[in-house]
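Sharing a structure here in structure tokens format.
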Amino acid sequence: QVQLVESGGESVQAGGSLRLSCAAAGNIFGIGVMGWYRQAPGNERELVATISSAGTNVKYEESLKDRFTVSRDNAKNTVYLLMSNLKPEDTAVYFCYSRIRTDRHADFADFWGQGTQVTVSS
């Protein structure tokens, strides 16, 4: 089976920075888009950023694009999210997302990490 293993979430003061990592592991034939979503208590899950397999197509939630940077290392099957100038409203569970093929004859399918907590205090 395929798993997305997240790391890097922690508590930080406003204005600080964090880097989240997500590594795909398991039976992987190919990986397409990877990215991040987040969900704050009482809110719906929302897009943070995604990045295509070649890194040439990057999409951000408009309100976050000046502070967050998504990147990936295909040799490590890993996607990163660098978060700068963090604000209390960034507090949320951050979920890794990826489209993955588990076999050469299989279509891409959606996979989600279990989430990592980011807490920003003022």
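The values are calculated or read from the model by the stated rules, or taken from the named source; none is laboratory data. Since this is a predicted model, take the numbers as computed values, not measurements. Methodologically, a virtual Cβ is constructed for each residue, glycine included, from the backbone with ideal geometry; neighbour enumeration extends over all protein chains shown. The accessibility values were calculated without ligands, DNA or RNA, using every heavy atom of the protein model including side chains. Shrake-Rupley method; radii C 1.70, N 1.55, O 1.52, S 1.80 Å.
Which of (1) open to solvent by less than 40 Å² (accessible area, probe 1.4 Å); (2) touching a residue at least 60 places away in the same chain (Cβ under 8 Å); (3) farther than 14 Å from Val5 by Cβ is the odd one out, the single condition Arg67 does not satisfy?
(2)
Being surrounded by fewer than 19 Cβ atoms within 10 Å (Cβ to Cβ), hydrophobic (A, V, I, L, M, F, W, C) and outside any loop (DSSP other than H, G, I, E, B) is the filter here, so list the residues in region 36-61 that pass it.
Leu47, Val58
With the structure loaded, tell me whether Ala24 is open to solvent by 20 Å² or more (accessible area, probe 1.4 Å), on the phi < 0 side of the Ramachandran plot, touching a residue at least 24 places away in the same chain (Cβ under 8 Å) and of a type outside the set (D, E, K, R) or whether it fails that test.
Here the answer is no, as Ala24 does not meet what is asked.
Could you run through region 71-108 and say how many residues are open to solvent by less than 40 Å² (accessible area, probe 1.4 Å), of a type in the set (A, V, I, L, M, F, W, C) and over 14 Å from the mean Cα position of the chain (by Cα)?
3
Being closer than 22 Å to Gln117 by Cβ and either in contact with a strand residue (DSSP E or B) (Cβ under 7 Å, 6 or more places away or on another chain) or of a type in the set (Asp, Glu) (or both) is the filter here; which residues of region 51-66 pass it?
Tyr60, Glu61, Leu64
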